[in-house]
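Comments concern the structure below.
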Amino acid sequence: RIATYAARTGISIDPKQIHQTKTRLFDNLLKARGVTPRPGVVESLRLSRELGMKTAFGSTTAASTVSALLNAQDGLLAQLFDTATSAEDGFAQKPAPDVYRALCQRFQIAPEQALVVEDNAPGLEAARLSGAHVIAFLGANTQDHSTQAADWVASEDVFPVVQRALTTQERKAG
């Protein structure tokens, strides 16, 4: 995304260096401040597991960031995910659907059986392209992103939307 922005604006930068610096600063911030799961995330993961579903943290960001997020609050989220991916797994960056397709293969399910919650437009597009059902749960830094690729949109709390998605065949046309 950084390289695309630089090319579009005519700025000469080293996108790899900028990304490495951003990752280091973000990881340091996570360690210093910790992280609290957004409303409904823990409840949604618990419900999914109670229903016998497998859960995955499908990311194409740095492994250090994924680890910091999953291990916050004494590993609360790490306990609720069956598996996780990161950039080090070699998947193409989102919006490529590779990470979601691979997770479906790992869990031996068809993409149409998967439900993905994403917080940004490239992730929403990746999930849609994979064939999964998609919930948009945009964050403070992504509120302006399009949710066009989503079947459902959650605003403040994702749990009611996950409940509805798991108990209905409703899906946005298109």
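Numbers for the structure displayed
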| quantity | calculated |
| --- | --- |
| Dipole in debye (nearest 20) - the range 1-62, about Cα centre, beta carbon charges: Lys, Arg +1; Asp, Glu -1 | 60 debye |
| Inter-label distance for T23 and L166, nm, one decimal - labels placed 7 Å from Cα along Cα-to-Cβ | 3.3 nm |
| Residues of type aspartates and glutamates that K22 reaches as a straight line, Cα spacing below 15 Å, ignoring anything fewer than 8 places off in the same chain | D14 |
| Length added when fully stretched, Q93-A110, from 0.36 nm per residue minus Cα-Cα | 4.0 nm |
| Percent accessible area from carbon and sulfur atoms, the chain, protein chains only, probe 1.4 Å | 51 percent |
| Fluctuation leader among T85, T23, T65 - the chain, Gaussian network, Cα springs under 10 angstrom | T23 |
| Partners for K94 among aspartates and glutamates (Cα-Cα distance below 13 Å; same-chain residues under 8 apart left out) | E118, D119, E125 |
| With DNA, RNA and ligands ignored, accessible area of E112 (1.4 Å probe; Å², nearest 10) | 110 Å² |
| Farthest positive-ward along the chain dipole, Cα basis, beta-carbon charges - from G131, Q163, S44 | G131 |
| Surface per residue (accessible, 1.4 Å probe) for the chain, Å² | 59 Å² |
| Inter-label distance, nm, simple model (7 Å from Cα along the C-beta direction), Q148/M53 | 2.6 nm |
| Sum of -39500 (n - 2.57) over DSSP H runs of 4+, divided by residues of the chain (222 nm, nearest 500) | -15000 deg cm²/dmol |
| Tensor-based shape of the range 52-144 (alpha-carbon gyration tensor, a/c under 1.5 rounded, otherwise prolate or oblate) | rounded |
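The values are calculated or read from the model by the stated rules, or taken from the named source; none is laboratory data. For clarity, every value in this text was computed on a predicted model and none was experimentally measured. FYI the Cβ positions are ideal-geometry reconstructions off the backbone, even for glycines, and counts take in every protein chain you see. Surface areas here come from the heavy atoms of the whole protein model, side chains and all, with no ligands, DNA or RNA. Shrake-Rupley method; radii C 1.70, N 1.55, O 1.52, S 1.80 Å.
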